[in-house]
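The values are calculated or read from the model by the stated rules, or taken from the named source; none is laboratory data. In this text, all values refer to a predicted model and were calculated from it rather than measured experimentally. Don't worry about glycine lacking a Cβ; one is built from the backbone with ideal geometry, like all the others, and counts go over all protein chains shown.
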Amino acid sequence: MNRLAMCLAAVSLVAVAAPAQAIELYATSPGRVVVTTPAVYVPPPRVLVLSQPPPVLRAVYTSPVVTTTTVVAEPAADAPSHPQEQERRDPTASVFIGGGYGGMTGFRSGAASTYRLHVGLGLGATELGLRASIANRALDELSTASGGAWVLSAEVAHRFLQGSTVRPVLGASFDRWQIEPDGAESAGAFGLGARGGVEIHYHLNPNAALVFGVDVAYHRILSAVDNASVLPNVLTFGATADIRL
């Protein structure tokens, strides 16, 4: 009974002294109880390590800004060449003055030589002008009589391809004929005409040019001619050289 009381007392003492530890009891010789307390295993503390990726270092290489100045030597100014852009601008208003040489025929036997005169007022691509073809012996080709004839045409003409060097031209005219037969009184007649040709404009400066042209014109005499039997259909042709101011 005493042994049992001693064991209970030892257990109680150990329980009070170390409630959180395991107790091992060993029986030895009669009347002796050995109480052992094994070492308590304490796990190592858990350490939460927060790591960040190492920063990325970028090496940026900047080259110094080098400013270079290129000096271009301008060539010496030469004489104006043809055509230049500023020379292609035609004036709004201009005057044509010139003359030339050509022929006149009534489709009878041949052609008579003519002298040509031209004066006109250019309004952009349109021209209001007077053209004269004078033939000393034209009646030999236009009539059965001999003598001279000339025609003065009041014409409205239009030039195409403004600003270019080569320009087609078309015109319509009201004609005044003067017939001068040999040994008879001169007479007049009226008619209509149509002309077509090509002109070459050689620009001298923006306000002046040399104009070389070739053309052919058909004339229809509408009224009768006294003292001469003149063919009603007449063709004039030739070349002219004008200056445009």
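Worth pointing out:
- Members of the range 207-232 found to be part of a loop (DSSP other than H, G, I, E, B) and either at pLDDT 90 or above or not assigned by TED's automatic domain parsing to the domain that holds ASP182 (or both), listed by number: LEU222
- When each of GLU180, GLU185 is tested for being more than 46 Å from the chain's Cα centre (by Cα), among the charged types (D, E, K, R), in a loop (DSSP other than H, G, I, E, B) and farther than 16 Å from GLY122 by Cβ, the lone residue that passes is GLU185.
- Scanning the range 123-134 for residues that are surrounded by 20 or more Cβ atoms within 10 Å (Cβ to Cβ) and out of contact with any Asp or Glu (no Cβ under 8 Å at 6 or more places or on another chain) yields one hit, SER133.
- Out of ARG108, ARG88, sole residue that is touching a Gly at 6+ places or on another chain (Cβ under 7 Å) and modelled with pLDDT under 90: ARG88
- For THR165, the criteria (1) crowded, with 21+ Cβ neighbours inside 10 Å; (2) closer than 24 Å to THR92 by Cα; (3) hydroxyl-bearing (Ser, Thr, Tyr) hold in every case but one, which is (1).
- Residues of the range 118-135 that turn out to be touching a Phe, Trp or Tyr at 6+ places or on another chain (Cβ under 9 Å) and not in a strand (DSSP E or B), as a count: 1
- Annotation note: of GLY213, GLY197, GLY238, GLY193, the sole residue that is touching a Pro at 6+ places or on another chain (Cβ under 9 Å) and either touching a residue at least 24 places away in the same chain (Cβ under 8 Å) or surrounded by 14 or more Cβ atoms within 10 Å (Cβ to Cβ) (or both) is GLY197.
- Looking across the range 137-168 at every residue that is within 41 Å of the chain's Cα centre (by Cα), of a type in the set (A, V, I, L, M, F, W, C) and not in a strand (DSSP E or B), the one that is modelled with the highest pLDDT is identified as PHE160.
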